[in-house]
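The values are calculated or read from the model by the stated rules, or taken from the named source; none is laboratory data. In this text the structure is predicted, and so the values were computed from the model without any measurement. Note: ideal-geometry Cβ built from the backbone for every residue, glycine included; neighbour counts use all protein chains shown.
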Amino acid sequence: MMPKLMFIILNILDCVTTEIGLRVGLYEANSFMRSLFSINHGLGYFIKMILALVVVIVLTLWHKEHLFKILNIGFSIVVISNIIWILVAVLIL
């Protein structure tokens, strides 16, 4: 799979798992996103995805596509962490 596409998919999965986590009683650990969510959840997700697209465009224009491997590892860890926290919340709460 192309690293750029994987980056976008992982960002979408982060949004989905974050929303599920919020619905089961967890909170957003990222203070920037938490402040956006206090205004509007949709706005927070919209800005997050716009920023992800900006990262794709900038890294592509600067010929730094190799950095997607590192970013994808990081976002994979975030998504896995979200899933673990959701499972813990569902099993304990």
Going by what's in this entry, would Ile84 be described as exposed (fewer than 13 other Cβ atoms within 10 Å of the Cβ), at pLDDT below 95 and farther than 24 Å from Leu5 by Cβ? no
Look through Phe32, Phe46, Phe37 and report the one residue that is surrounded by 18 or more Cβ atoms within 10 Å (Cβ to Cβ) and over 16 Å from Val79 (Cα atoms). Phe37
